[in-house]
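Got a structure for you, written out below as structure tokens; questions coming shortly.
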Amino acid sequence: MAATGKDFGLETHGNGQNEEIGHWDPVETVSRDELVDLQSERLRWQVERCFRSSLLYRRKLEEAGAEPGDIRFPEDLLRIPVVTKEELRADQEASPPFGSFTVAPQDDWREVHPSTGTTGQPVNTIWTGTDVLTITDFTARTLVQAGVRPGDVFQNAFAYGLWVAGMSCHYAAAKLGCLVVPTGAAVSSDKQIEFLLTAGSTALCATPSYALHIGEVLAAHGISPDQLSLRVGLFGGEPGAENPATRTAIESALGLSAHDYYGLAEVGPTFASECEAKDGLHFAEDHVLVEALDPVSQAPVAEGELGVLVFTHLTREGTPVLRYWSNDYARLSREPCACGRTHVRAVSGIVGRHDDLIIFKGAKFYPSQVEKVVRSCADLSSEFRIEIERRDEEGVAASCTVVAERAGEFDAAVEADLRRALRAELGVGVAVRLEGLGSLERTTFKAKRIVLR
Ligand SMILES: [Zn+2]
């Protein structure tokens, strides 16, 4: 009988946190050779079960002439074809309701979570009971990695319900031994602040844009961050926390140490966080294999080069993915980290999503670059939009206007400075429009930065 997740001892870690070094699981610091051996064993198990039980993966492997028994790691990984979200969506439409990429028997299914994409039908992922335990365990690891500890009062302002990260962070913080304050993202910022004060929350999870909004409301009420008990925060769901200007803005508004947090519905939920060295997102590489590939040739890029992140589930039972093409760009490093962890890092976080790439007058840039400029400017609020006109399939825009908010009185020099700084960062001149403070809508979930005209 093939190995199951249980055979890997997945249900047994979790109490292994080492208070002294602040690690949750001894696997975080094993040598790269030991890690590769573990990944190799788990990949073999996963490819075999996908071949046996998923029509989608069996067809893809057969078309590529890859027999599961031949796949050795790392040398044969590239023989497994990549899979895209579009393929999963088409497969799900052809074989409703959950597609032919489910692998575990239906009796084992415990939770369903759709992706939160803005286009097309969401792709459903299914967690088995073992998946729930495994996800809880490695999510607890990501929290400890960022500095959350047993006894923390953990305010979870990630959206609950269908969105994956609210549930997983809740389970993980409870397992870690925190008091969870499950505010979610549906309550007002006033309510968040009320709980920050009354519960004495010491740790916070939120999207970076929501964290900034809570900070704005705090300031508007004249409440100093010193009146809060916050010590540490994990900010994910959208890029931002790794951006130095955004990190500083969140840290000074809320009086905590801000850590970048990353996940994807189809893969995660959240399986990478910054450690206390804040030198990139550490992935839980014993559960998810991470590659960075050239967007055109699909060949691996050199270490440190920008590539598309591609993920393979090593332990997921319900709806595992083999070489899932994420469309997220990052630079990977396997160099030793100051924290002692050996698992791969996305240095400087996620640079951008392919879907968000803007091509304007021959220049290519991401909303994160506009964010960096806007949030470095003391005369502007942290909120912004990028208005794009007639964007075609390749992302080429006919016009591009950055809309930002003045933090103070009208001053013509602010607009000229912003225009100059954007030209220097983006490599192209874009139009700029400044509006009054509070004129752009705030969000409690993922901020939508690009507006199509
Ligand atoms: Zn580290």
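Under 28 Å Cα-Cα from LYS372, which lysines qualify once same-chain neighbours fewer than 8 residues away are excluded?
In chain and number order, the partners are LYS278, LYS361, LYS364, LYS446, LYS448.
Apply the Karplus parameterisation 6.51 cos²θ - 1.76 cosθ + 1.60, with θ equal to phi minus 60°, to every residue of the range 103-111 and state each ³J(HN,Hα) to the nearest whole Hz, in sequence, with x for glycine and proline.
10, 6, x, 4, 4, 8, 5, 10, 9
Please compute the contact order of the chain in relative form: average sequence separation of alpha-carbon pairs under 8 Å and at least six residues apart, divided by the residue count, as a percent. If you can, show how the numbers build up before the last one.
Working: 952 pairs, mean separation 60.0, N = 453.
With pairs under 8 Å counted, the relative contact order is 13 percent.
Based on the Kirkwood radius over alpha-carbon pairs, what value in µm²/s does the Stokes-Einstein equation return for the translational diffusion coefficient of the range 26-181 at 10 °C and 1.306 mPa s?
Values: Rh = 17.9 Å.
Rounded to a whole number, D works out at 89 µm²/s.
Using amide H atoms built in the peptide plane, which far-off residues or other-chain residues are under 5 Å from GLU111 H to H?
Here TRP127 satisfy the definition.
At ARG52 and GLU34, where each label point lies 7 Å from the Cα along Cα→Cβ, what is the point-to-point distance in nanometres?
Result for the modelled spin labels: 2.9 nm.
Another one. Give me D for the range 1-353 in µm² s⁻¹, whole number, from Stokes-Einstein with Rh from the Kirkwood sum over alpha-carbon pairs, 4 °C and 1.567 mPa s. If you can, show how the numbers build up before the last one.
Details: Rh = 20.6 Å.
For these conditions, the coefficient is 63 µm²/s.
Considering amide H positions built from the backbone, and no H for Pro or chain starts, which residues 5 or more places from SER257, or on another chain, come under 5 Å of its amide H?
Excluding prolines and chain starts, which carry no amide H, the hits are VAL232, GLY233.
If one computes the Cα centroid of the range 387-450 and of the range 166-212, what distance in Å separates the two points?
Cα centroid of the range 387-450 versus Cα centroid of the range 166-212: 30 Å apart.
Moving on. Give a residue-ordered list of calculated ³J(HN,Hα) values for the range 269-282 (Karplus: 6.51 cos²θ - 1.76 cosθ + 1.60, θ = phi - 60°; whole Hz; x for Gly, Pro).
Ordered by residue, 3J(HN,Hα) equals x, 10, 10, 8, 9, 7, 7, 5, 6, 6, 10, x, 7, 7 Hz.
A follow-up question, please. Hey, can you grab everything whose amide H is under 5 Å from the amide H of TYR324? Only 5+ residues off in sequence or another chain; H modelled, so Pro and N-termini drop out.
Under 5 Å from the amide H of TYR324: VAL83, PHE311, THR312.
With both partners inside the chain, how many of the DSSP beta bridges are antiparallel, as a percent to the nearest 5? Could you put the intermediate results ahead of the total?
Numbers: 41 of 65 bridges.
Approximately 65 percent, going by the DSSP bridge assignments.
Each reported figure results from applying straightforward, stated rules to the coordinates on display, with no laboratory input. Fair warning: this is a prediction, and the values are worked out from it, not measured in the lab. Glycine gets a Cβ as well: all are built from the backbone with ideal geometry, and neighbour counts include every protein chain shown.
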